[in-house]
Amino acid sequence: MKVLVTVTDVAVVDDEFEIDGLDVDERYLTYELNEWDDYAVEEAVQIAEDVTDVEVVTVTVGPERSEEVIRKALAKGADRAVRVWDDAIAERDLLDAETKAELLAAVAREEEPDLILSGVQSGDDSFAATGVTLAEKLGDEWAAVVNQLDLDQDEGLASVHRELEGGVDELTDVELPAVLTIQTGINEPRYASLRGIRQAQNKPLDVKSLEELGLDGSALESPLRWTATYEPESEGEATVFEGAPDETAGELAGVLRDEGVGQ
Amino acid sequence: MDFALSDEQKQVRDEVRHFANEEIVPVATEYDTEEKFPHDLVEQAAELGIVGANVPLEYGGVGYDYLTNILIVEELFAADPGIGLSISSAAFGADALVAFGTEEQKEKFLRPVAEGDAIMGSAISEPDVGSDVSSVATSAEKDGDEWVIDGNKMWITNGSVGDYFVVVCETDPDAEGRYNGFSQIIVESDRDGFSAEKITGKLGIRASDTAELLFDGVRVPEENLVGTRGAGFLQLMQFFDETRTAVAAQGVGIARGAAERALDYAQEREQFGQPISEFQAIQHKLADMHTQTEAARQLTYKSAWSVDHADDDLTQLASMAKEYASRVAVDVADEAVQIHGGAGYVNDFDVERFYRDAKITQIYEGTTEIQKNIIARELLGKGMV
């Protein structure tokens, strides 16, 4: 059995930052493994630990910088990694969900996994659509926002709980091959062990260009254009009460009463 | 010359930092206050390979070089020195087993430590033996195929929680030369006649276990001898350069932990209508603290690099790093409390603990005064005195 996990590094913006052109100035960005993907990797590794003969492969669309998070996934137990990148991709301002799914689908057609796990969304762009779009392109079954997964390999069935609004769980059986988008909290992601980090240095990490995936520049065409980025004006205001609790509690109660919150 | 860490070293550093911030920082005050040994955290750290990082792969460790080991020590101590020491000391004495132990000893004693199933310790100091290691009075006499051990060991890290100790004993009292006649012998804590009394009321590193060990006719099999009979002191000395470099890394970690907390606090705390970090007096303190910490780190890295690659100047470097980094730890923790003002004098903030924890780095593994003696001795080209 083969599990393909899509992973990405996400930009985390410092508290104080400046915008340079379309994006936040690189000086104010640090990169880390996307939180949702951390849970997806953990879920895949747990499947590999529970079921014999499972290969876990990660796939990333990203520049060389993203190898840091790929190595992290390998250190946690993934067997090998594929990274998609070339100059044509690097020139794009924006990789939308459609484009990313197109590239990931090309890898998936080569790898032919039984199960694809994707984070619900990436923490920086937050399209929350890549996984589902990927399923559509592959013609696979899919389930989004999965917070519990029971896999029946013999039946080729994934029984999932999907987290809906208002605390409602939907229980669905999904036939494999399938794409599941994984919600945080489905498991407890492990720390990478030092032994794992050491072994990860020797695990295969293949870099593939568009051409190697049998694609051309048309795969990058997108109807979306990134037009501007700006910092919205802050409209709220905070009142800080200082003093002893018995005084400040009274002041807070007064404000709540005036605003019509309390009776 | 290359000052950059490798990608792998950065990954190790970042993951240990992540572990330390998530698991150690939130409980540090509790373990300090209660003088409680962090069994669960030591076990968890061992499972992640943090305890046996430089134990060879074939005995369950990770086989990392000394510099990588030093990065780990800094991260643990920057989170909390007491719990940091509990974790990094769980393999105290392992170096002697790696270098001089038999295959059987390595399999029996190293693997459980690297895998988190056992805690070990190194027993050198005695009530009357501190800096003068060559006056060890704990005796081991051969009786048939057993060693019979009598005496006391003092200030032993992990003394009341350890499963076994590498104990420096006098085995040949008639040997000529003040450094001859000592041997390293493994003593398991479940042997008859062994007892340990936990020492409480320490100024700092209170999560770490410290005890007095009492040996009253303790019998261990002769195969518990580590290395060569009579060569114990020389075997021990081979690792002083490494253990001193490790204490230097502890100092760097403490200094960094205190300096980072002071930097954060200075930006939050407002007086006279502005954050105190806007005042030049505070800015200069912060600049000095971070500069000293970085200088101590570079000296420590060079000493660790020398352990791995070139031992020409190692003894001198290790003592320089240990003396300087421990002094920086004490000074930076002092300034961190000063920046916190009254808030730094109570344990609502971590710097109060760092201030107490820092001092031990100037005392154990050779006091500041001993380190200066060694540096001067190396400079003046004198032999061992």
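The values are calculated or read from the model by the stated rules, or taken from the named source; none is laboratory data. In this text the structure is predicted, and so the values were computed from the model without any measurement. All Cβ positions, glycine included, derive from the backbone under ideal geometry; neighbour counts span all protein chains shown. The protein model used for the area step is the full one, side chains on, heavy atoms only, and it has no ligands, DNA or RNA in it. Shrake-Rupley method; radii C 1.70, N 1.55, O 1.52, S 1.80 Å.
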Leading residue at positive end of dipole, the stretch B:168-310 (Cβ point charges), from B:252, B:171, B:279: B:279
Between the stretch A:26-56 and the stretch B:329-350, the Cα center-to-center distance that results, in Å: 39
The long-range amide H neighbours of residue B:218, using H built 1.01 Å from N in the peptide plane and a cut-off of under 5 Å, are B:149
Specify the angular offset, from 0 to 90 degrees and rounded to the nearest 10, of the alpha carbon long axis of helix A:35-50 from the longest principal axis of the alpha carbons in chain A. 50
Shielding by partners for A:193-205, please: the mean number of other protein chain Cβ atoms within 10 Å of each residue's Cβ. 5
About the Cα centre of chain A, what is the dipole size in debye to 20, counting +1 per Lys and Arg Cβ and -1 per Asp and Glu Cβ, all else neutral? 1060
Give me the extension gain from residue A:218 to residue A:136: residue separation times 0.36 nm, minus the current Cα-Cα distance, reported in nm with one decimal. 27.7 nm
The stretch B:97-112 - phi-based ³J(HN,Hα) in whole Hz, Karplus 6.51/-1.76/1.60, Gly and Pro as x: 5, 4, 7, 10, x, 7, 3, 5, 5, 5, 5, 6, 10, 6, 4, x
Can you give the mean number of other chain Cβ atoms that lie within 10 Å of the Cβ atoms in peptide B:48-59? 2
Pop out the ³J(HN,Hα) list for the stretch B:74-79 in order, Karplus 6.51 cos²θ - 1.76 cosθ + 1.60 with θ = phi - 60°, rounded to Hz; leave Gly and Pro as x. 4, 4, 5, 6, 5, 7
Charge dipole (debye, nearest 20) of the protein assembly as shown; +1 at Cβ of Lys and Arg, -1 at Cβ of Asp and Glu: 2900
Projected onto the charge dipole of the stretch A:1-72 (+1 at Lys/Arg Cβ, -1 at Asp/Glu Cβ, origin at the Cα centre), which of A:21, A:56, A:10 gives the Cα projection farthest towards the positive end? A:56
Can you tell me the 0 to 90 degree angle between the C-alpha axis of helix B:314-340 and the longest principal axis of chain B, rounded to 10? 40
For chain B, give the magnitude of the charge dipole about the Cα centre (Cβ charges: +1 Lys/Arg, -1 Asp/Glu; no others), in debye to the nearest 20. 1140
By how many nm would the segment from residue B:65 to residue B:271 lengthen if fully extended, with 0.36 nm per residue of separation less the alpha-carbon distance? 69.4 nm
Sorting check: for B:39-51, B:300-312, which peptide has the highest mean count of neighbouring beta carbons within 10 Å, and how do the rest follow? B:39-51, B:300-312
Provide the net charge surrounding residue B:316, with neighbours chosen by a C-beta distance below 10 Å and charges set as Lys +1, Arg +1, Asp -1, Glu -1. -3
With every protein chain in place, the protein assembly as shown: carbon and sulfur % of accessible area (1.4 Å): 45
Paramagnetic reach from residue B:379 (point 7 Å along Cα→Cβ, amide N under 18 Å) across the stretch B:308-326: B:313-326
Looking at the P(r) of the protein assembly as shown, how many percent of alpha-carbon pairs lie beyond 48 Å? 28
Karplus (6.51, -1.76, 1.60) ³J(HN,Hα), θ = phi - 60°, over the stretch B:40-55, in Hz, Gly and Pro reported as x: 4, 5, 5, 5, 4, 5, 5, 4, 7, x, 6, 6, x, 4, 10, 6
Between the residues A:129, A:192, A:167, the Cα farthest towards the positive end of the dipole of chain A, that dipole coming from +1 and -1 charges on the beta-carbon of Lys, Arg, Asp and Glu, is from A:192
Once you put a point 7 Å from the Cα of residue B:27 and another 7 Å from the Cα of residue B:175, both along the Cβ direction, what distance in nm separates them? 4.2
What order do you get for B:104-112, B:85-93 when each peptide is scored by the mean count of other beta carbon atoms within 10 Å, highest first? B:85-93, B:104-112
Using Cα centres only, tell me the gap between the stretch B:1-62 and the stretch B:227-264 in whole Å. 16
Could you sort out which of A:100/B:10; A:76/B:198; B:36/B:108 sit more than 32 Å apart by Cα distance in this structure? A:76/B:198
For the peptides A:74-86, B:322-334, what is the packing order when you average, over each peptide's residues, the other Cβ atoms within 10 Å and list the highest mean first? B:322-334, A:74-86
For an R0 of 56 angstrom, estimate the FRET efficiency from the Cβ-Cβ distance between residue A:170 and residue B:369 and round to the nearest 0.05. 0.20
Honestly the stretch A:2-220 on the Cα gyration tensor test (a ≥ b ≥ c root eigenvalues; a/c under 1.5 rounded, otherwise a/b vs b/c for prolate or oblate) is just rounded
What does the average come to when, for each residue of peptide B:11-17, you count the partner chain Cβ atoms lying within 10 Å of its Cβ? 5
If I model a spin label as a point 7 Å beyond the Cα along the Cα-Cβ vector, how far apart are those points for residue B:200 and residue B:104 in nm? 4.1
Pair residue B:6, residue A:237: separation of 7 Å Cα→Cβ label points (nm): 5.8
Calculate the FRET efficiency for residue B:295 and residue B:131 from the Cβ-Cβ distance with a Förster distance of 35 Å, rounded to the nearest 0.05. 0.85
Could you work out [θ]222 nm for the protein assembly as shown from helices alone, using -39500 (n - 2.57) per DSSP H run of at least four and dividing by all its residues? Round to the nearest 500 deg cm²/dmol. -12000 deg cm²/dmol
What residues from the stretch A:1-38 fall in the zone where the backbone N is under 15 Å from a label point 7 Å along the Cα-to-C-beta line of residue A:228? A:19-23
Size descriptor, Kirkwood hydrodynamic radius, that averages inverse alpha-carbon separations across the stretch B:78-166, Å: 14.5
Rounded to the nearest 0.05, what FRET efficiency is calculated for residue B:238 and residue B:117 with R0 set to 22 Å and r the Cβ-Cβ distance? 0.25
